[in-house]
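Each remark here refers to the structure printed beneath this line.
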C-alpha cells in the first residue's frame, strides 16, 4: 500500500472547506436573521447572547477554516499537477488543464481575502473587541454584511469549478 499525499491534501481541503462554507451559510441564513429577530423582540433576550458567546467562537472557526481550506487547496493543486512547472502557478494563470479549477482557486482566494480583510476586522468592531464609534459600527456592519453575502454568492461557482476539475461542467 502506497501513501497518497494528494488524497490527504484533498481530504483536509474538503474537511476545512465544509467547515468554512458551513459557517458562511450559518452566518448568512441563520445567525443574521436570528440577531434581527432577537433585536426586534422586546420581550426576548436580545442579541447579546449570540454576539457575546456564539459569534466570536463561530468567527474563530470561520476565519481559520478559510485559511486552512486555502492552504490545503494550494498544496493539492501543486501535488495533482502532472505537467512541467508548478501546479499552483498553472492554476492561477488559468493554464490548461488547470483552467476550471484555477477559476475556482481564484474565487476561493477572493473569498479568503474577504474573510480576513473585510469581514473579520469589521466584526471585531461590531462585537466590541476593538473600540468603535456608532458611526464606525454602522459602516462596519455594512461592509461585513456585503462581504459575507458576496462570499455566499461566490461559493456557488467556486464549488462548481472545484468539482468540475474531476467530473466536468454540467454544460
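All of the numbers you see were taken from the coordinates with simple rules; none came from a lab. Keep in mind that this is a model prediction, so the values were computed, not measured. Note that we place each Cβ from the backbone using ideal geometry, even for glycine, and neighbour counts take in every protein chain shown.
Normalising the Debye intensity of segment 13-171 to I(0), with uniform scatterers on Cα atoms only, and taking log10 at q = 0.17 Å⁻¹ returns -0.96. Neighbour counts of C-beta atoms inside 10 Å place 119, 54, 18, 101 in the sequence 18, 54, 101, 119, starting with the fewest. Taking the longest Cα principal axis of the chain as reference, the axis of helix 99-113 is set at about 30 degrees.
Mind sorting 84, 96 by how few other Cβ atoms lie within 10 Å of their own Cβ, fewest first?
Numbers: 84 6, 96 9.
Result, fewest neighbours first: 84, 96.
Note: segment 1-70, Cα convex hull, 83 Å³ per residue.
Dividing the Cα convex hull volume of segment 95-164 by residue count, how many Å³ per residue is that?
Details: hull volume 4.8 nm³, N = 70.
Roughly 68 Å³ of hull volume per residue.
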